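Notes for the one structure printed next.
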Amino acid sequence: MKRTLRLTAIIAFLFISVAAVQAQRRNARYNEYIMTSLRTMWGISLTYTEEAFGTELCQYCTKMAAPYLQSHKLEMQADRLRREGIFVSDGIISDLMFID
């Protein structure tokens with residue numbers, strides 16, 4: 001009985017560990033996407049963001065982008081966040097990144 005409980009505990013620990021690593025990888029991929037996409041003429045696709053990284057990170061992105069949309073440093077075209085000018089501030093990129 002003790003051995004079964006121990007094995008169950010080990011399996012639960014490994015499952016939680018794998019889930020944590022997967023979340024970290026997802027967050028790292030999201031941050032990389034934000035950093036590279038906003039520097040292109042196409043910008044950040046919110047549809048792709050939701051499909052690839054989930055609703056939580058997509059909502060986070062739009063929430064963090066709101067002040068820049070209001071100040072016209074970012075613009076929304078269809079489902080894409082794009083920079084207004086040629087240069088994009090590293091500050092905008094860092095604000096859109098997800099740090100847990």
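List the pairs whose first member sits in the stretch 31-57 and is touching a residue at least 60 places away in the same chain (Cβ under 8 Å) and part of a helix (DSSP H, G or I), whose second member is buried (at least 17 other Cβ atoms within 10 Å of the Cβ) and not aliphatic (A, V, I, L, M), and whose Cβ atoms are under 6 Å apart, counting only residues at least 6 apart or on separate chains? As it stands, the answer is none, since no pair meets every condition given. TYR30 - would you say it is at pLDDT 90 or above and under 16 Å from ASP100 (Cβ atoms)? Yes; evaluated as a whole, the condition is true for this residue.
Can ARG25 be described as at pLDDT below 65 and more than 18 Å from ILE93 (Cβ to Cβ)?
Numbers: at pLDDT below 65: no; more than 18 Å from ILE93 (Cβ to Cβ): yes.
Criteria not met by ARG25.
Would a scan of the stretch 68-89 turn up a residue that is modelled with pLDDT under 90, surrounded by 15 or more Cβ atoms within 10 Å (Cβ to Cβ), outside any helix (DSSP H, G or I) and hydrophobic (A, V, I, L, M, F, W, C)? Yes, there is a match, as at least one residue in the stretch 68-89 is modelled with pLDDT under 90, surrounded by 15 or more Cβ atoms within 10 Å (Cβ to Cβ), outside any helix (DSSP H, G or I) and hydrophobic (A, V, I, L, M, F, W, C). So, in the stretch 49-73, of the ones that are more than 12 Å from the chain's Cα centre (by Cα) and among the hydroxyl-bearing types (Ser, Thr, Tyr), which residue ends up farthest from GLU32 (Cα to Cα)? It comes out as SER71.
The values are calculated or read from the model by the stated rules, or taken from the named source; none is laboratory data. Only a predicted model underlies this, so the values are computations on that prediction, with no experimental measurement involved. All Cβ positions, glycine included, derive from the backbone under ideal geometry; neighbour counts span all protein chains shown.
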